Amino acid sequence: MSGNLPKLLNVFPKKVKAIVALLIDMATLGIKLDKPLSARLFPILNKKAGEMTTFNSPYLVDCKIFTVN
């Protein structure tokens, strides 16, 4: 996985920065509220924003896909 990171940074640098900013905001909110917060962000291939995910796992719930700006 880590070998793919430089490739991802070259292809989607703005989106990667947006995801990093989102996670930093989440961490800051957790510190401010003194609560353990988490975020699960999954890249979904071959789908577009507005479509539903189709997970095949009892641990994940299908949901609407959002775009990262």
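Quick notes
- Cross-chain or 6+ apart pairs with Cβ under 8 Å, region 55-69 first and at pLDDT below 90, then open to solvent by 50 Å² or more (accessible area, probe 1.4 Å) and not hydroxyl-bearing (Ser, Thr, Tyr): Phe66/Ala49; Thr67/Ala49; Val68/Lys15; Val68/Ile19; Val68/Leu22
- Number of residues in region 29-65 that are among the hydroxyl-bearing types (Ser, Thr, Tyr) and surrounded by 10 or more Cβ atoms within 10 Å (Cβ to Cβ) equals 1.
The values are calculated or read from the model by the stated rules, or taken from the named source; none is laboratory data. Please read these numbers as outputs of a predicted model, since none were measured by experiment. Neighbour counts are summed over all protein chains in view; Cβ atoms, including those assigned to glycine, are modelled from backbone coordinates with ideal geometry. Ligands, DNA and RNA are stripped out before the accessible areas are found, and what is left, the full protein with its side chains, is counted by its heavy atoms. Shrake-Rupley method; radii C 1.70, N 1.55, O 1.52, S 1.80 Å.
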